[in-house]
There are 2 protein chains.
Amino acid sequence: MRLATVRDGSKDGRLIVVSPDGLRFAPAPVNTLQAALEQWVEVEPVLLALKVFPEQLELHSLASPLPRAWQWLDGSAFQSHGDLMCQVLGIDPIETTIPLMYQGVSDKFYGPHDDVKFPDEALGIDFEGEFGVIVDAVPMGTTAKDAMQHIKLVVQINDWSLRALAGPEMKTGFGWVQAKPPCAMAPFAVTPDELGESWRNGRVCLDLAVEWNGAPFGRANGEPMGHGFHELVAHAARTRDLVAGTVVGSGTVSNENFREVGSSCIAERRGIEVIDLGEAKTNFMAFGDKVRMEALDADGRAVFGVIDQQVVRG
Amino acid sequence: MRLATVRDGSKDGRLIVVSPDGLRFAPAPVNTLQAALEQWVEVEPVLLALKVFPEQLELHSLASPLPRAWQWLDGSAFQSHGDLMCQVLGIDPIETTIPLMYQGVSDKFYGPHDDVKFPDEALGIDFEGEFGVIVDAVPMGTTAKDAMQHIKLVVQINDWSLRALAGPEMKTGFGWVQAKPPCAMAPFAVTPDELGESWRNGRVCLDLAVEWNGAPFGRANGEPMGHGFHELVAHAARTRDLVAGTVVGSGTVSNENFREVGSSCIAERRGIEVIDLGEAKTNFMAFGDKVRMEALDADGRAVFGVIDQQVVRG
């Protein structure tokens, strides 16, 4: 099942169920995705029972499937990304066996086609292609095994980042505020079964195809996460209850063979250039630049739909 | 004006206006504090016009004035606190001229008398007495000067912390997730004018009296913040719009003469012991322990009311 949210002038939009062919939709009997997640056990069968899709889907009218969330916890579960980021930010490798995670701004997730405003190109504007999950209420102390059952939806995310601010904030130990403005989500939040065999061990084992200004930039696969999403959820829930609708991210999708498959963010490419050439050659984004991201299954279907955004002067 | 929230079974509770003597209240014409903050310019005069307080206030029935918020950004604006924390966490002093700030969990703020559940005493359970402000919508790029006008309410906060987890998380650079479970708020959110001359330069210039298990523990003053709240708000808004109802915290209230006035958290006392005695002697909290916090004005009035909480096994 694939869910989406139509803009209707309200802050949370209007929840819809998308037809299997992705062309039509039915309004959900529950108004918002947040409300659905708060009563998922009762609501899911009602959504699944919808078999008639009377309305035509206008992709450009879609908001983020969850236009705002009470909590967004982003991991950094791909080791090759972490290694390159330490290289490019000029910091020592992070020595830890626990998942890396920070809490980011969640009162707004951009829709998949929304322009993104930033005050200054000099801030080092970068995209980050990620996968994420949305949970129902997870009690404090839930184990990773039990956390798997709380993963109700899988999403695709563009975690906008401002690299010139990232290193200094990280060095304080406090994590990122200025370097991490709101993210965007691809149009469809999908139940794990929608991924078929590509949902394995709490990982989205799909290629994430990223294009920057129309040119292929990366096609890393989501499989090699050092910790699965169920482990990230359990990590987050160790000392707090997770409210229904909490979004947990994978961090930038990255593979060890990054020279072959490319990257899901510009900073990684710059890290590779530092290693290979002694200095970074690729600039960050300029106003007017576009980024496109889609996760493709074996049939070439964009399971989560497409993120296609432009950076503009704010 | 002092505002509070009565529990009514809903997630956001029921907004009330408290009488000047703190003994009675009137239901607000807007149901929730979040809704009031989203239309503050229209709502504030209506709240101020309420002069009849028909109902008796039961302090123990009060929730946090804002039971949940879309965003909680906590600073660390007291230099003496930062210095002691580096000492006790075994990390190098943080070299930065920008405000220190992390984003914490905000889908729940404990009420002032709520028990607080933790899974294990070994996590290093600690309180942190703070002040905070609540803003209306702050556009990205707002200057510190303009930010002052967006500070609509001032609050008093207990930022619960788990110290055994804090150092390792901080060393990753990602900030705190596990070390920072939900905070509590004192019962009254007050307009800045309610503080009179004690609201100066974006600072709450009041003593914060902290008692641990009935014994005086600290009485530091809120004046010596290295950055005022207006500067913290501007810092937070540099690259994001702040949604109405965003809460910004001062970090633990701390004074340079900590040996005279005491501390607002146990970790600081332990830091002083490390300096003076070579090792920390004071243990963190045990299940059953209580902490009480109130900010006293020149007349000995607890402006924000009292936080009085007990730690229990979760």
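Results, tabulated for the structure shown:
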{"quantity": "Of the criteria (1) part of a loop (DSSP other than H, G, I, E, B); (2) over 30 Å from A:GLU38 (Cβ atoms), which one A:ASP114 fails", "calculated": "(2)"}
{"quantity": "Selection within segment A:275-295 - over 18 Å from A:TRP160 (Cβ atoms) and surrounded by fewer than 16 Cβ atoms within 10 Å (Cβ to Cβ)", "calculated": "A:ILE275, A:ASP276, A:LEU277, A:GLY278, A:GLU279, A:LYS281"}
{"quantity": "Residue check for B:GLY167: surrounded by fewer than 23 Cβ atoms within 10 Å (Cβ to Cβ) and either assigned to a loop (DSSP other than H, G, I, E, B) or not assigned by TED's automatic domain parsing to the domain that holds B:ASP289 (or both)", "calculated": "no"}
{"quantity": "Residue within segment A:42-61 that is among the charged types (D, E, K, R) and in a loop (DSSP other than H, G, I, E, B) present", "calculated": "yes"}
{"quantity": "Some residue of segment B:89-109 being more than 10 Å from every other protein chain (Cβ to nearest Cβ), open to solvent by less than 10 Å² (accessible area, probe 1.4 Å) and among the small types (Gly, Ala, Ser)", "calculated": "no"}
{"quantity": "Some residue of segment B:154-161 being among the hydrophobic types (A, V, I, L, M, F, W, C), more than 14 Å from the chain's Cα centre (by Cα) and either part of a loop (DSSP other than H, G, I, E, B) or in the same structural domain as B:SER250 (by TED's automatic domain parsing) (or both)", "calculated": "no"}
{"quantity": "Close pairs (6 angstrom Cβ cut-off, 6 or more residues apart or separate chains): touching a residue at least 60 places away in the same chain (Cβ under 8 Å) in segment B:241-258, open to solvent by 30 Å² or more (accessible area, probe 1.4 Å) and among the acidic types (Asp, Glu) anywhere", "calculated": "B:ALA244/B:GLU38"}
{"quantity": "Output for segment A:227-273, where each listed residue is within 30 Å of A:ASN283 (Cβ to Cβ), open to solvent by 10 Å² or more (accessible area, probe 1.4 Å) and either among the polar types (S, T, N, Q) or in contact with a Gly (Cβ under 6 Å, 6 or more places away or on another chain) (or both)", "calculated": "A:ASN255, A:ASN257, A:GLY262"}
{"quantity": "Test result for A:ALA36, of a type in the set (Gly, Ala, Ser) and surrounded by 23 or more Cβ atoms within 10 Å (Cβ to Cβ)", "calculated": "yes"}
{"quantity": "Test: B:PRO224 is more than 25 Å from B:ASP114 (Cβ to Cβ) and open to solvent by 10 Å² or more (accessible area, probe 1.4 Å)", "calculated": "yes"}
{"quantity": "Test: residue in segment B:172-187 that is in contact with a strand residue (DSSP E or B) (Cβ under 6 Å, 6 or more places away or on another chain), open to solvent by 10 Å² or more (accessible area, probe 1.4 Å), more than 29 Å from B:THR239 (Cβ to Cβ) and within 13 Å of chain A (Cβ to nearest Cβ)", "calculated": "no"}
{"quantity": "Filter pass, B:SER161 being more than 14 Å from chain A (Cβ to nearest Cβ), in contact with a Cys (Cβ under 8 Å, 6 or more places away or on another chain) and touching a residue at least 24 places away in the same chain (Cβ under 8 Å)", "calculated": "no"}
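The values are calculated or read from the model by the stated rules, or taken from the named source; none is laboratory data. Since we're looking at a predicted model, the values are computed, not measured. Cβ atoms come from the backbone with ideal geometry, glycine included; neighbour counts cover every protein chain shown. Surface areas here come from the heavy atoms of the whole protein model, side chains and all, with no ligands, DNA or RNA. Shrake-Rupley method; radii C 1.70, N 1.55, O 1.52, S 1.80 Å.
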